[in-house]
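Take a look at the structure set out below.
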Amino acid sequence: MTDTTWTMAILAHALRDAGFFVTEAADAHEIREFAASAQQDAILIDPDLPDEDYATLVRHLRAQDRHIPILMFSRKVTREEKLRAMALGADDFIEWPSEGCADLPSRLRAMVRRAAGYSSSEVRIGDLYLDLDRQTVRCLDMPLRLTRLEYELMETMALRGGALITRDEIMLQLYAWDNEPDAKIIDVYICRLRAKIAAAGATHDVIVTSFAQGYRLNTTPTETLPQAA
């Protein structure tokens with residue numbers, strides 16, 4: 001998200017308080033770089049960019065990724081501006097902070113979840129159940145006590161739908177170049193997750209290691225019944 005205005009600075013603070021990992025960009029050029037090289041779940045933009053018209057940026061981002069949520073934020077939004085932004089490819093244009101302050105984290109999580117292919121907040125992966133809104137995991141009927149990074153790693157793999165994720169991609173998701181430890185720490189997290197899942201009574205290995213490539217979940221996640229949403 002851009003950090004060009006006080007509006008976005010307040011928004012970044014609010015999202016961090018809600019548990020989001022926020023990467024701030026100074027201008028449209030940096031947004032393009034992050035979008036091309038990182039594993040972002042959503043892109044938030046203030047249209048008052050210092051180096052490019054936001055319409056050009058939104059077109060570029062939407063052409064690059066058809067599914068990623070793109071949200072615009074400004075202190076004053078006209079109906080015409082909202083319609084124009086959405087026609088360009090933005091998912092919404094929000095008048096911040098007067099519109100949707102309290103429910104923005106829930107709305108954003110729902111957008112990210114749907115972009116990954118899930119209509120429900122609760123995702124089943126074999127014996128595991130993840131609640132993406134409450135950020136909890138249980139194995140069968142046993143809640144798993146996970147650290148923040150352990151949960152984020154599990155959620156990252158779950159949102160990949162069983163596809164392989166490399167160690168570098170995991171590092172970007174968990175740290176985003178901010179005080180990154182040695183990449184071998186991922187092996188430690190994986191070992192801890194496997195131990196906790198096994199101790200809770202899992203009937204099979206949930207996490208599979210592809211040697212020198214990365215990790216994946218060995219069962220494609222399936223959604224629970226609609227009432228779990």
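The values are calculated or read from the model by the stated rules, or taken from the named source; none is laboratory data. Since this is a predicted model, take the numbers as computed values, not measurements. Quick reminder, even Gly has a Cβ in these numbers, built from the backbone with ideal geometry, and neighbours come from all protein chains shown. Areas reflect the complete protein model, heavy atoms only, side chains present, ligands, DNA and RNA absent. Shrake-Rupley method; radii C 1.70, N 1.55, O 1.52, S 1.80 Å.
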(request) Kindly write out, for the range 46-62 in residue order, the coupling ³J(HN,Hα) from the Karplus curve 6.51 cos²θ - 1.76 cosθ + 1.60 (θ = phi - 60°), rounded to whole Hz, with x marking Gly and Pro. (result) 8, x, 7, 8, x, 10, 6, 5, 4, 4, 5, 5, 4, 4, 4, 5, 5
(request) Report in % the part of the accessible area of the chain that belongs to carbon and sulfur, leaving out ligands and nucleic acids; probe 1.4 Å. (result) 50 percent
(message) Just to be sure I follow the definition: excluding the sites themselves, where is the longest run in the chain that has none of the chymotrypsin sites (Phe, Trp or Tyr not before Pro) in a DSSP loop with at most 14 other Cβ atoms within 10 Å?
(response) 1-176
(message) Distance between the C-alpha centers of the range 16-55 and the range 64-134? Whole Å please.
(response) 14 Å
(message) Using a Gaussian network model on the chain with a 10 Å cutoff between Cα atoms, which of V137, V188, V123 fluctuates the most?
(response) V188
(request) Using the charge dipole of the range 135-180 (Lys, Arg: +1 at Cβ; Asp, Glu: -1 at Cβ; taken about the Cα centre), state which of A163, L146, Q173 has its Cα farthest towards the positive end. (result) L146
(request) Report the net charge of residues surrounding G201, where surrounding means a beta-carbon distance below 10 angstrom and charges are Lys +1, Arg +1, Asp -1, Glu -1. (result) -2
(request) Give me the orientation-averaged projected area of the Cα convex hull of the range 134-200, in nm², one decimal. (result) 4.8 nm²
(message) From the phi angles alone, apply the Karplus equation (6.51, -1.76, 1.60; θ = phi - 60°) to the range 18-35 and give each ³J(HN,Hα) in whole Hz, x where the residue is Gly or Pro.
(response) 8, x, 7, 8, 9, 10, 9, 10, 7, 7, 5, 4, 5, 4, 4, 5, 4, 5
(request) Mind listing the long-range amide H neighbours of F93? Cut-off is under 5 Å, sequence gap 5 or more, other chains count too, H placed in the peptide plane at 1.01 Å from N. (result) M72
(message) Just to confirm a number: summing +1 for Lys and Arg and -1 for Asp and Glu over residues other than A163 whose beta-carbon lies under 12 angstrom from that of A163, what do you get?
(response) +1
(request) Count charges around I190 for me, please; just the other residues with Cβ under 12 Å from its Cβ, Lys/Arg as +1, Asp/Glu as -1. (result) +3
(message) I'm a student and want to see the number: the projected area of the Cα convex hull of the range 1-69, averaged over all directions, in nm².
(response) 4.3 nm²
(request) Measure nothing but the geometry: give the 0 to 90° angle between the long axis through the Cα atoms of 185-199 and the longest principal axis through the Cα atoms of the chain, rounded to 10°. (result) 50 degrees
(request) Rounded to the nearest 500, what is the 222 nm mean residue ellipticity of the chain from helices alone, with -39500 (n - 2.57) per DSSP H run of 4+ residues and division by all residues? (result) -12000 deg cm²/dmol
(request) Starting from the amide H of T136, placed 1.01 Å from N in the peptide plane, find each other amide H under 5 Å away whose residue is 5 or more places distant or on another chain. (result) D131
(request) Would you mind telling me which residue in I94, I185, I165 has the biggest mean-square fluctuation in a Gaussian network model of the chain, where springs connect alpha carbons within a distance under 10 angstrom? (result) I185
(request) Would you indicate which of [x] 52, 45, 40; [y] 104, 38, 29; [z] 55, 41, 29 is the value of Cα extents along the principal axes in Å derived from the coordinates of this structure? (result) [z]
(request) Provide the per-residue ³J(HN,Hα) series for the range 109-121, in order, calculated from phi with Karplus coefficients 6.51, -1.76, 1.60 and θ = phi - 60°, each as a whole number of Hz, with x at glycine and proline positions. (result) 4, 5, 5, 5, 4, 5, 4, 7, x, 10, 8, 9, 6
(request) Putting +1 on Lys and Arg Cβ atoms and -1 on Asp and Glu Cβ atoms, find which of S37, V137, A116 reaches farthest to the positive end of the dipole of the chain. (result) V137
